[in-house]
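The next block holds one structure in the form of structure tokens; read it before the comments.
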Amino acid sequence: MGLDMYLEGSKFIGHNPPTEERELVDAVRSGLNLPDCESALSSVKTSIMQWRKANHIHKWFVDNCQAGEDNCERHEVKLADLEKLHGVLGQLMGHDEKLAAELLPPCAGFFFGNTELDEYYWDDVDRTHAVLGDWIDFIKKDEERRKTNRQQSLERYPPMSWGWELYYQASW
């Protein structure tokens, strides 16, 4: 029992995806060893990050993506939100405790873990900064590729691809 946190991403690909996304779908189908079916795999969903008792990260999501309402519901996160959090984490790469207490303070809660700026706090800061940086780059490149594909194929058929949807959820 305790504070468990999840950041997930999903992408609806469509039933007739462009070539690049068809390759992704084929790789997923192959990796899962799925049998043939009448319609194509039309979406992907992945766990981007999971945390355990990273109450400072949880507080950031509550304050910035949940309008201050701390609950166990699933909340949409925008790419701009991830970029904002990544920026805050980037300012803490020097492990400055005074700055951390100001920008990303811990919060107490029922089974939320300790509120010290200890090695666990800094491990979560470093790991989250690295993972979010990779995902932000990936999503931006994917969006740029979709825009290029959309422009190239607009005359032939409308695109059946949407961007990534991101969600945060915590439970305790």
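Structure notes:
- Any hit, region 20-37, residues being small (Gly, Ala, Ser), surrounded by 12 or more Cβ atoms within 10 Å (Cβ to Cβ) and closer than 23 Å to residue 166 by Cα: no
- Qualifying position, being part of a helix (DSSP H, G or I) and not hydroxyl-bearing (Ser, Thr, Tyr), among 101, 67: 101
- In summary, residue 51 fulfils each of the numbered conditions (1) within 20 Å of residue 9 (Cβ to Cβ); (2) part of a helix (DSSP H, G or I); (3) modelled with pLDDT of 95 or more with the single exception of condition (2).
The values are calculated or read from the model by the stated rules, or taken from the named source; none is laboratory data. Everything quoted here is computed from the prediction, not taken from an experiment. Every residue, glycine among them, receives a Cβ derived from its backbone with ideal geometry; neighbour counts consider all protein chains shown.
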